[in-house]
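Presented below is the structure to which this report refers.
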Amino acid sequence: MTDRITRVTVSSVTLPLPTPISDAKVLTGRQRAMTEVAMLLAEIDTAEGHHGFGFSYSKRAGGPGQYAHAVEVAPDLVGEDPSDIGRLWTKLAWAGASVGRSGLSIQAIAAFDVALWDLKARRAGLSLAKLIGSHHDAVPTYNTSGGFLHTPVDEVCANATTALQRGIGGIKVKVGQPDWREDLRRLEKIRAHLGDDVPLMVDANQQWDRATAMRMGRLLEPFELVWIEEPLDAYDVEGHAHLTRTLATPVASGEMLTSVREHLALVDAAAVDVLQPDAARVGGITELLTLLTHASRHHLTVAPHFAMELHVQLAACYPGPVWVEHFDWLEPLFEERLETRDGQMVVPDRPGLGLTPSQQARAWTTDSVTVSEARS
C-alpha cells in the first residue's frame, strides 16, 4: 500500500522589512524601494501521518498572483502518492499550462515541490542534502543583506565586519550608481576596509548596457573580485557571453530566470562563469537538481540566489565549486537558525529542510486555504 496526500494547506504571509531596500533598479527609477516580501507557504499531510513544509516567495509585485494560482492547483495533489515528486511536478505544471511553464505559475508550484521533498526526507529521517546525496557538510558563504546601495559606505563596512565576525566568509555589495565614479569610491573604501584576502563580489542588478558593462568590468579588475553579478539584462545571453570571454573577472547571473530552459540558454552559450539559480523561481527542488547536473557538466561555479534556508541543502549536493548566499531577511519566519563558522554555512542535520514555521510567521499570515479529501 502506498501513502496518499490527504490535506494541503496554502498560506500567504507578508514579511515586512525593517528598512526599505534599494539597489540599482530603484536608483534609476525602474522599481520602487522594497518594503516587504510576499511568502507562499505550503504544508502537505498524508494518510500515514507524514508532513512536509515548503515555500516560495515574490519581491514587490506578484505575491497575490502566486497565492491565487497555488490555491487553484492545490486540489490536484489530494489523493496522490507523495513519493511521486517528478510526476506531481509535471501534473501541476500542466494544470497551469495555459499561463505558461515559467514565471508566476512555476514559482507557485515551487512551494509544493519543496514541501514534497521535505516530506520525503523527513519520512526517511534524513536531512534533504543527505537524501539527495551530499558532497559537503558545510558550504562557503557570503553576505549580501548588509551591502545595499541605500546603506552609507561606512555602515556597509561595519556590516561586513559583523558578518565576518559571525563566521561568514565573503561580502557582496551592490553597484550600479547613476554616477559610476561613486561605485568606485565606495568599492575603494570597502576593499581597503576588508583587506585583500576577504572574498568580495559586486552585483549590478542588470543596470548596465553592454558598453558600460565592459568599461566597468575593466575598471573593477584591480579589486580582485570573485565575480561581477548581473552586469546586463538577465536575458541578454549574447552580451553575457561576450563579457565572459573578455573580462578577467568571472561573470555571474541567473537569479531572475524562471525556468530551467532559460538557464540552459546561458550555460550552453558559455555566457556565465557562475550560475545563480533560485529554486523558488525555477519551480522548486526538482528543477534545480536538473540545473545542478547541467552546471556540473560545464564545470561552472554555482551560487544559488537568496533563501539560504533552502539553498544550503541544495548547494551541499553540488560536486563543483559552490557558494551559498547569506540573507537574514527570512530568519523571523522560522524557529531554527543556520550556523556559520570559518567562512562556511553548516548544513543542518535535522530531518528534511529542518525548518519549523515560527509563531511570527503565523501572525504575519494574511490568508490561508486548506484542501482535504473531504472537500476535494
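The values are calculated or read from the model by the stated rules, or taken from the named source; none is laboratory data. The structure presented is a predicted model; accordingly, all values stated were derived computationally and were not measured. Glycine also receives a Cβ, built like all others from the backbone with ideal geometry; neighbour counts cover every protein chain displayed.
For Ala192, state whether it is of a type outside the set (S, T, N, Q) and exposed (fewer than 14 other Cβ atoms within 10 Å of the Cβ). Lay out the reasoning, then the answer.
Details: of a type outside the set (S, T, N, Q): yes; exposed (fewer than 14 other Cβ atoms within 10 Å of the Cβ): yes.
For Ala192, the condition - of a type outside the set (S, T, N, Q) and exposed (fewer than 14 other Cβ atoms within 10 Å of the Cβ) - is met.
If Asp23 satisfies all but one of (1) surrounded by fewer than 18 Cβ atoms within 10 Å (Cβ to Cβ); (2) within 22 Å of Ala234 (Cβ to Cβ); (3) among the acidic types (Asp, Glu), what's the number of the condition it fails?
(1)
Might you check whether a residue that is in contact with a Phe, Trp or Tyr (Cβ under 8 Å, 6 or more places away or on another chain), at pLDDT below 95 and in the same structural domain as His135 (by TED's automatic domain parsing) occurs anywhere in the range 312-325?
No; the residues of the range 312-325 include none that is in contact with a Phe, Trp or Tyr (Cβ under 8 Å, 6 or more places away or on another chain), at pLDDT below 95 and in the same structural domain as His135 (by TED's automatic domain parsing).
Which residue, of Ala234, Ala211, is at pLDDT 95 or above, of a type in the set (Gly, Ala, Ser) and more than 25 Å from His311 (Cβ to Cβ)?
Ala211
Examine the range 362-370 for a residue that is under 24 Å from Gly146 (Cβ atoms), buried (at least 18 other Cβ atoms within 10 Å of the Cβ), in the same structural domain as Pro18 (by TED's automatic domain parsing) and touching a strand residue (DSSP E or B) at 6+ places or on another chain (Cβ under 9 Å), and state whether such a residue exists. Step through it out loud before you land on a result.
Quick first cut of the range 362-370, residues under 24 Å from Gly146 (Cβ atoms) only: 364.
Retained after the next criterion (residues that are buried (at least 18 other Cβ atoms within 10 Å of the Cβ)): 364.
With the extra rule that they be in the same structural domain as Pro18 (by TED's automatic domain parsing), the set shrinks to 364.
Subset that is touching a strand residue (DSSP E or B) at 6+ places or on another chain (Cβ under 9 Å): 364.
Within the range 362-370, one or more residues are under 24 Å from Gly146 (Cβ atoms), buried (at least 18 other Cβ atoms within 10 Å of the Cβ), in the same structural domain as Pro18 (by TED's automatic domain parsing) and touching a strand residue (DSSP E or B) at 6+ places or on another chain (Cβ under 9 Å).
Please determine whether any residue of the range 246-257 is touching a strand residue (DSSP E or B) at 6+ places or on another chain (Cβ under 7 Å), part of a helix (DSSP H, G or I) and crowded, with 22+ Cβ neighbours inside 10 Å.
No.
Of all the residues that make up the range 291-321, how many are in a helix (DSSP H, G or I) and touching a His at 6+ places or on another chain (Cβ under 9 Å)? Please lay out each step first, then the result.
First, pick out the residues of the range 291-321 that are in a helix (DSSP H, G or I): 291-297, 308-315.
Those left that are additionally touching a His at 6+ places or on another chain (Cβ under 9 Å): 291, 294-295, 308, 311, 315.
Residues meeting the conditions: 6.
List every residue pair whose Cβ atoms lie under 6 Å apart, where the two residues are 6 or more positions apart in sequence or sit on different chains, the first residue falls within the range 149-169 and is closer than 16 Å to Glu325 by Cα, and the second residue, located anywhere, is aliphatic (A, V, I, L, M) and loosely packed, with under 14 Cβ neighbours inside 10 Å.
Hits for this filter: zero, empty list.
Tell me yes or no: at least one residue of the range 224-231 is closer than 28 Å to Ala271 by Cα, touching a Leu at 6+ places or on another chain (Cβ under 9 Å) and either exposed (fewer than 14 other Cβ atoms within 10 Å of the Cβ) or not assigned by TED's automatic domain parsing to the domain that holds Leu266 (or both). Can you show your working first?
If we filter the range 224-231 for residues that are closer than 28 Å to Ala271 by Cα, which is where we start, we get 224-231.
Still in the list and also touching a Leu at 6+ places or on another chain (Cβ under 9 Å): 224-226, 228, 231.
Next cut, either exposed (fewer than 14 other Cβ atoms within 10 Å of the Cβ) or not assigned by TED's automatic domain parsing to the domain that holds Leu266 (or both) only: 224.
Yes, that holds for at least one residue.
Here's the yes/no breakdown for (1) more than 17 Å from Tyr57 (Cα to Cα); (2) under 16 Å from the mean Cα position of the chain (by Cα); (3) touching a residue at least 60 places away in the same chain (Cβ under 8 Å):
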position	(1), (2), (3)
Met308	no, yes, yes
Gly320	yes, no, no
Pro357	no, no, yes
Arg362	no, no, no
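Confirm whether Val153 is β-branched (Val, Ile, Thr), surrounded by 22 or more Cβ atoms within 10 Å (Cβ to Cβ) and touching a helix residue (DSSP H, G or I) at 6+ places or on another chain (Cβ under 6 Å). Working first, answer last.
Working: β-branched (Val, Ile, Thr): yes; surrounded by 22 or more Cβ atoms within 10 Å (Cβ to Cβ): no; touching a helix residue (DSSP H, G or I) at 6+ places or on another chain (Cβ under 6 Å): yes.
When the stated conditions are applied, Val153 does not pass them.
Considering Leu338, Leu300, which residue is in contact (Cβ under 8 Å) with a residue 24 or more places away in the chain and under 17 Å from the mean Cα position of the chain (by Cα)? Talk me through it step by step, then tell me what you get.
Working: Leu300 fails: under 17 Å from the mean Cα position of the chain (by Cα).
Only one candidate passes the filter, namely Leu338.
Filter the range 285-305 for residues that are surrounded by 22 or more Cβ atoms within 10 Å (Cβ to Cβ), over 17 Å from Ala111 (Cα atoms) and β-branched (Val, Ile, Thr) and give the result.
Residue satisfying the conditions is Val302 alone.
Is it the case that some residue within the range 191-199 is more than 26 Å from Thr356 (Cα to Cα), in the same structural domain as Pro321 (by TED's automatic domain parsing) and under 17 Å from the mean Cα position of the chain (by Cα)?
no
If we only count helices (runs of 4 or more DSSP H) wholly inside the range 1-114, which ones have 1 or more residues that are modelled with pLDDT of 90 or more?
Details: elements: 24-27, 63-73, 85-95.
Ranges flagged: 63-73, 85-95.
A quick yes/no check of all residues on (1) more than 30 Å from Leu194 (Cβ to Cβ); (2) surrounded by 20 or more Cβ atoms within 10 Å (Cβ to Cβ); (3) out of contact with any Cys (no Cβ under 6 Å at 6 or more places or on another chain); (4) among the aliphatic types (A, V, I, L, M):
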site: Asp81; (1), (2), (3), (4): yes, no, yes, no
site: Arg87; (1), (2), (3), (4): yes, no, yes, no
site: Arg101; (1), (2), (3), (4): yes, no, yes, no
site: Gln107; (1), (2), (3), (4): yes, yes, yes, no
site: Phe112; (1), (2), (3), (4): yes, yes, yes, no
site: Val139; (1), (2), (3), (4): no, yes, yes, yes
site: Lys172; (1), (2), (3), (4): no, yes, yes, no
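List every residue pair whose Cβ atoms sit under 7 Å apart, with the two residues 6 or more apart in sequence or on different chains, where the first one lies in the range 20-48 and is outside the structural domain of Arg281 (by TED's automatic domain parsing) and within 27 Å of Ile109 (Cα to Cα) and the second, anywhere, is of a type in the set (Lys, Arg) and not in a loop (DSSP other than H, G, I, E, B).
Filtered contacts from the range 20-48: Gln31/Lys25; Met34/Lys59; Val37/Lys59; Asp45/Arg7.
Which pairs do you get when a residue that is in contact (Cβ under 8 Å) with a residue 24 or more places away in the chain, found in the range 66-85, comes within reach of a residue that is part of a helix (DSSP H, G or I) and acidic (Asp, Glu), reach meaning Cβ atoms under 9 angstrom, with the pair 6+ apart or on two chains?
Ile85/Asp113
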